[in-house]
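Colleague: Take this structure first; my questions come after.
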């Protein structure tokens, strides 16, 4: 399993995995598996799961999305957050008011992007999820304060 964070070591304490959303719409939708063993292999976490004891059984899981309970993950440090906690947060420009809300976080090769559903004008715009533009992330308050680059989002 490849971690969205790029570092699979935080997934290794998981005791239960939930699988969902195979691309072809078949398979283990919502099924939970108990973790027997977990180890890191390169950039991935590799799990041995109870009840998955053959190549045929494992094949059914290929292509599914895997979910880990937040309670199974190590505690977050200051300034850290789960990507899923950003979705739905209000996005405000520092000193200029609300822009919209986070529709999704789009992974990128160098950094992730906030897909922001704009208020009023509609549509979505992308903003790099980097400290240069994202000044404050307040997940309990469901708000993100940004200082977008000059001309954003009208240039391009």
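The values are calculated or read from the model by the stated rules, or taken from the named source; none is laboratory data. Quick caveat, the model's predicted, so the values are computed rather than measured. For neighbour counting, all protein chains shown are included, and Cβ atoms are generated from backbone atoms with ideal geometry for every residue, glycine included.
Colleague: Somewhere in the stretch 109-121, is a residue over 28 Å from residue 12 (Cβ atoms) and modelled with pLDDT under 85?
Modeller: There is at least one residue in the stretch 109-121 that is over 28 Å from residue 12 (Cβ atoms) and modelled with pLDDT under 85.
Colleague: Give the residues of the stretch 34-52 that are surrounded by 11 or more Cβ atoms within 10 Å (Cβ to Cβ) and touching a residue at least 24 places away in the same chain (Cβ under 8 Å), sorted by residue number.
Modeller: Hits for the stretch 34-52 are 38, 39, 40, 44, 45, 46, 47, 49.
Colleague: Oh, and also: Looking for something over 27 Å from residue 37 (Cβ atoms), outside the structural domain of residue 39 (by TED's automatic domain parsing), in a loop (DSSP other than H, G, I, E, B) and touching a residue at least 60 places away in the same chain (Cβ under 8 Å) - is there at least one such residue anywhere in the stretch 140-151?
Modeller: No, every residue in the stretch 140-151 fails to be over 27 Å from residue 37 (Cβ atoms), outside the structural domain of residue 39 (by TED's automatic domain parsing), in a loop (DSSP other than H, G, I, E, B) and touching a residue at least 60 places away in the same chain (Cβ under 8 Å).
Colleague: Based on this model, can you work out whether residue 137 counts as in contact with a helix residue (DSSP H, G or I) (Cβ under 8 Å, 6 or more places away or on another chain) and surrounded by 15 or more Cβ atoms within 10 Å (Cβ to Cβ)?
Modeller: Numbers: in contact with a helix residue (DSSP H, G or I) (Cβ under 8 Å, 6 or more places away or on another chain): yes; surrounded by 15 or more Cβ atoms within 10 Å (Cβ to Cβ): yes.
Considered against the rule, which asks whether it is in contact with a helix residue (DSSP H, G or I) (Cβ under 8 Å, 6 or more places away or on another chain) and surrounded by 15 or more Cβ atoms within 10 Å (Cβ to Cβ), residue 137 comes out as yes.
Colleague: Also, quick follow-up: So, in the stretch 140-156, of the ones that are under 23 Å from the mean Cα position of the chain (by Cα) and under 13 Å from residue 91 (Cβ atoms), which residue ends up surrounded by the fewest Cβ atoms within 10 Å (Cβ to Cβ)? Step through it out loud before you land on a result.
Modeller: Of the residues in the stretch 140-156, the ones under 23 Å from the mean Cα position of the chain (by Cα) are 140-148.
Those left that are additionally under 13 Å from residue 91 (Cβ atoms): 141-148.
On the way: 141: 10, 142: 13, 143: 15, 144: 24, 145: 15, 146: 23, 147: 15, 148: 19.
The extreme case among them is 141.
Colleague: Something else: Residues of the stretch 13-44 being modelled with pLDDT of 85 or more and in contact with a helix residue (DSSP H, G or I) (Cβ under 8 Å, 6 or more places away or on another chain), which ones?
Modeller: Those that are modelled with pLDDT of 85 or more and in contact with a helix residue (DSSP H, G or I) (Cβ under 8 Å, 6 or more places away or on another chain): 13, 14, 15, 16, 38, 40.
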